[in-house]
Amino acid sequence: HSLHHARQHYELEKKISERRSALRVERLRIIYDVEQKEDLIKLELIKSKQAEHALAISTLALLTQTELLANFRRGLLEIVRRIPPTEPAARELKEKVKELPQTLIDWEKFDAQFKAAHPEFSRHLLERFPELTPMEVRVSTLLRLNLKSHEIAKMFCLEERSIDTHRF
């Protein structure tokens, strides 16, 4: 009879030990899964910061290029004004100045960079304000980057009042 109890005791001890081992394995699996998810979150955060950094650099480059282009246009127009209007070169220069692009913004590229850094912004904006025009969305996008109205106006070669109207 005591041999029977000893076997039962041994079987119970074995089951308890197996259960403890299974629980340790499950605990380690959970810890591993949590660490994997934390690593993915950290990676996404790094990617987001890199996208934000690239967007900031791109925006600064656009501002600089737009400013340089505007200064170049103004300089050319000043030179053209000093040339007598009867000169054929004056008319030709005026036409060439008109052909210069007003802005250097490649909105498709800029939008892709912006969406990489702020993936939900445009969708949320248009869900909340579906009546916004494409220009108002662009202005809102640039405002999200903390650009001032005068900076945005330079990028679009517009008056600051026009940008303020779009902001409103």
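The values are calculated or read from the model by the stated rules, or taken from the named source; none is laboratory data. Bear in mind the structure is a predicted one, so any value in this text is a computation, not a measurement. Here the Cβ is made from the backbone with ideal geometry for all residues, glycine too, and neighbour counts use every protein chain on show. Only protein heavy atoms, including side chains, enter the accessible area calculation; ligands, DNA and RNA are left aside. Shrake-Rupley method; radii C 1.70, N 1.55, O 1.52, S 1.80 Å.
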Residue among 154, 98 that alone is in a helix (DSSP H, G or I), among the charged types (D, E, K, R) and surrounded by fewer than 18 Cβ atoms within 10 Å (Cβ to Cβ): 98
Yes or no: the stretch 63-82 includes at least one residue that is modelled with pLDDT under 80, part of a loop (DSSP other than H, G, I, E, B) and out of contact with any His (no Cβ under 6 Å at 6 or more places or on another chain). no
Tell me which of these residue 121 doesn't satisfy, since it passes every other one: (1) in contact with a helix residue (DSSP H, G or I) (Cβ under 7 Å, 6 or more places away or on another chain); (2) farther than 25 Å from residue 44 by Cβ; (3) in contact (Cβ under 8 Å) with a residue 12 or more places away in the chain. (2)
Say whether the condition of being of a type outside the set (S, T, N, Q), more than 16 Å from residue 145 (Cα to Cα) and either loosely packed, with under 14 Cβ neighbours inside 10 Å or out of contact with any helix residue (DSSP H, G or I) (no Cβ under 8 Å at 6 or more places or on another chain) (or both) is met by at least one residue in the stretch 50-65. no
When the stretch 103-115 is examined, which residues are found to be assigned to a helix (DSSP H, G or I) and open to solvent by less than 30 Å² (accessible area, probe 1.4 Å)? 110, 114
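I need the full set of residues from the stretch 157-168 which are open to solvent by 90 Å² or more (accessible area, probe 1.4 Å) and over 17 Å from residue 66 (Cβ atoms), in order please. Full working, then the answer.
Start the filter on the stretch 157-168 by keeping residues that are open to solvent by 90 Å² or more (accessible area, probe 1.4 Å), which leaves 159, 161, 165, 167-168.
Correct list: 161, 165, 167, 168.
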Restricting the stretch 136-151 to residues that are assigned to a helix (DSSP H, G or I) and of a type in the set (S, T, N, Q), the residue that is farthest from residue 43 (Cα to Cα): 149
Out of the stretch 116-135, which residues are part of a helix (DSSP H, G or I) and either basic (Lys, Arg) or within 20 Å of residue 63 (Cβ to Cβ) (or both)? 116, 117, 121, 123, 128, 135
Which residues, counting only those in the stretch 121-147, are at pLDDT 90 or above and either under 17 Å from residue 65 (Cα atoms) or exposed (fewer than 14 other Cβ atoms within 10 Å of the Cβ) (or both)? 124, 126, 127, 128, 129, 130, 131, 133
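Would you check which residues across the stretch 1-47 are among the hydroxyl-bearing types (Ser, Thr, Tyr) and open to solvent by less than 100 Å² (accessible area, probe 1.4 Å) and list them? Quick ask: steps written out before the conclusion?
Step one: list which residues in the stretch 1-47 are among the hydroxyl-bearing types (Ser, Thr, Tyr), which gives 2, 10, 17, 21, 32.
Hits for the stretch 1-47 are 2, 17, 21.
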Please work out if residue 90 is surrounded by 13 or more Cβ atoms within 10 Å (Cβ to Cβ), touching a residue at least 12 places away in the same chain (Cβ under 8 Å) and assigned to a helix (DSSP H, G or I). no
